[in-house]
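Enquirer: Quick one: the structure is below, questions incoming.
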Amino acid sequence: MWDVLSADFDQSITAEKCLNNVIKNTVNGSIIIFHDSIKAEKNLKYILPKILVHFSEKGYLFKVLE
């Protein structure tokens with residue numbers, strides 16, 4: 001089950017706040033929820049690349065859950 005909700009869908013918060021939310025709440029083994037929707041598009045396009053770089057630099061790996 002997921003443990004970090006990015007809140008990328010919430011149009012009342014900034015993309016920077018979404019980014020900080022994910023960074024602050026993610027720990028080793030976390031599953032982060034991002035949304036593929038029109039409401040989330042602006043925030044998702046901003047935060048996802050930054051999240052991938054941030055955690056890659058810390059040695060985290062990314063895997064698809066099946």
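The values are calculated or read from the model by the stated rules, or taken from the named source; none is laboratory data. None of these values were measured; they are calculated from a predicted model. Every residue, glycine as well, gets a Cβ built from its backbone with ideal geometry; the counts of neighbours run over all protein chains shown. Accessible surface is based on the protein model in full, side chains and every heavy atom, while ligands, DNA and RNA are left aside. Shrake-Rupley method; radii C 1.70, N 1.55, O 1.52, S 1.80 Å.
Enquirer: Which condition number in (1) open to solvent by less than 60 Å² (accessible area, probe 1.4 Å); (2) in a loop (DSSP other than H, G, I, E, B); (3) not β-branched (Val, Ile, Thr) is the one that residue 65 fails?
Expert: Status for residue 65: all satisfied but (1).
Enquirer: On to the next question. List every residue pair whose Cβ atoms lie under 6 Å apart, where the two residues are 6 or more positions apart in sequence or sit on different chains, the first residue falls within the range 40-56 and is closer than 10 Å to residue 15 by Cα, and the second residue, located anywhere, is open to solvent by less than 70 Å² (accessible area, probe 1.4 Å) and in a helix (DSSP H, G or I).
Expert: Note: pairs meeting the criteria are 43/15; 43/18; 46/15; 47/15; 47/18; 47/19.
Enquirer: Looking at residue 31, is it out of contact with any Asp or Glu (no Cβ under 9 Å at 6 or more places or on another chain) and either of a type in the set (A, V, I, L, M, F, W, C) or loosely packed, with under 13 Cβ neighbours inside 10 Å (or both)?
Expert: In short, no.
Enquirer: Another one. Is it true that some residue in the range 41-58 is outside any helix (DSSP H, G or I), open to solvent by less than 70 Å² (accessible area, probe 1.4 Å) and closer than 23 Å to residue 1 by Cα?
Expert: Within the range 41-58 (the criterion being outside any helix (DSSP H, G or I), open to solvent by less than 70 Å² (accessible area, probe 1.4 Å) and closer than 23 Å to residue 1 by Cα), the answer is no, since none of the residues qualifies.
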